[in-house]
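No lab work stands behind these numbers, since they all come straight from the coordinates. This one's a predicted model, so the numbers in the text were calculated from it and none came from an experiment. Reconstructed Cβ throughout: ideal geometry from the backbone, glycine too, with neighbour counts over all protein chains shown.
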Amino acid sequence: MKIQKTYGIYLFSFSLFWALWLQLTAGPTKQVHHLEVETWFLSPKETIVLPDFKIIDTRSVSSRFTDQVANAHILGWEDLSQKESPFRGKLQSIESIHKKLFSLGFNQNDTILVLGDGTKGWGEEGRIVWSLREVGFSKTFWFNGKISSFKEILETRKRIQGSDQTKSINLFTTKPKTPVTTNITKEEITKHLPLGTYQILDTREPREYLGSTPYGESRGGHIPGAKLYYYQNLFDDKGHIKSKDEVVKTLTSLGITKSKPIIAYCTGGVRSAFVVGILRSYGFNAYNYSGSMWEWSFNKDLPLEK
């Protein structure tokens with residue numbers, strides 16, 4: 001009851017703020033639920049009542065130039081990935097990534113919000129969240145909303161900074177656990193491919209699935225048995241992530257269920273990391289093949305279908 005009372009007082013202080021957002025005033029204001037660490041992306045309503053957080057901006061140069069976000073750290077997925085072909089999709093060592101993040105002022109207890117280009121991007125926000133979680137930064141999320149909404153949140157939080165209510169709320173129902181990898185290797189895939197252990201999703205464009213190689217793959221096609229699930233289909237008409245029911249319905253139509261683990265891949269593990277973040281948020285046991293087609297197609301003894 002005490003927590004509910006604190007929420008009520010705190011959310012009341014934002015009533016004027018909600019009026020600024022037409023997209024958030026279609027129905028009655030609801031209490032923000034507690035967050036599970038397994039949640040990978042946050043809505044504006046969830047973001048506004050977070051404890052203090054740090055920001056990573058992984059948007060394009062043009063987006064950052066035209067719509068700047070104060071105090072954001074600029075970080076691209078390539079900054080944490082290997083440089084040499086055909087392993088560009090794979091992460092650098094944990095030590096190297098930690099060194100990079102620590103130099104930027106991050107520590108593993110931080111809550112981190114990642115900004116991306118949404119429907120105009122390639123899932124970079126999901127890739128950064130995936131990368132940081134892989135190396136132990138469990139409370140990393142991407143922002144599921146327009147950048148204008150995010151900036152409104154920052155302004156509102158700035159106006160109420162120091163409020164007693166902001167210091168008394170802990171939204172997390174679980175503490176960060178020892179990180180469990182959601183990365184999967186080609187060795188694991190090839191071992192289990194004949195056994196049908198995993199359900200496989202190809203998150204690329206349809207033309208890539210059918211054999212086109214526009215992004216530097218050595219060979220064209222898709223991993224045998226993979227179902228096409230283009231990552232952009234996870235957005236609704238407003239550019240927000242589709243609901244759990246919508247996603248489950250689409251996956252069911254593809255024959256994908258929660259009964260077996262899922263592997264997602266793309267060209268270099270970026271778009272697929274975005275998909276994995278959504279699937280894991282919705283209760284699927286999903287893994288990202290970070291090597292993806294850059295690595296798989298390079299190995300001529302690995303099978304491909306067209």
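Annotations
- Fully extending the segment from Asp236 to Tyr215 would add 5.0 nm, taking 0.36 nm per residue of separation and subtracting the current Cα-Cα distance.
- For Lys45, the aspartates and glutamates whose Cα falls under 14 Å of its own Cα, not counting residues fewer than eight places away in the same chain, are Glu152.
- Between amide H atoms placed 1.01 Å from N, distances below 5 Å from Lys258 occur with no residue 5 or more places distant or on a separate chain.
- Amide H within-cut-off set for Leu228, under 5 Å, with H built and near neighbours excluded: Asp202
- Inter-label distance, Lys249 to Glu187: 4.3 nm, where each label sits 7 Å from its Cα along the C-beta direction.
- Other residues within the sphere of radius under 10 Å centred on the Cβ of Ile278, judged by their own Cβ, net out at +3 (K and R +1, D and E -1).
- Modelled spin-label separation between Asp301 and Leu228, with each label point placed 7 Å from Cα along the Cα-to-Cβ direction: 3.1 nm.
- Note, ³J(HN,Hα) from phi for the range 61-76, Karplus 6.51, -1.76, 1.60, rounded to Hz, x at Gly and Pro: 4, 5, 5, 5, 5, 7, 9, 6, 10, 5, 6, 8, 8, 8, 8, x
- Rounded to the nearest 20, the Cβ-based charge dipole of the range 186-298 about its Cα centre (Lys and Arg +1, Asp and Glu -1) stands at 240 debye.
- Cβ-defined net charge surrounding Thr197, 12 Å radius [Lys, Arg +1; Asp, Glu -1]: +1
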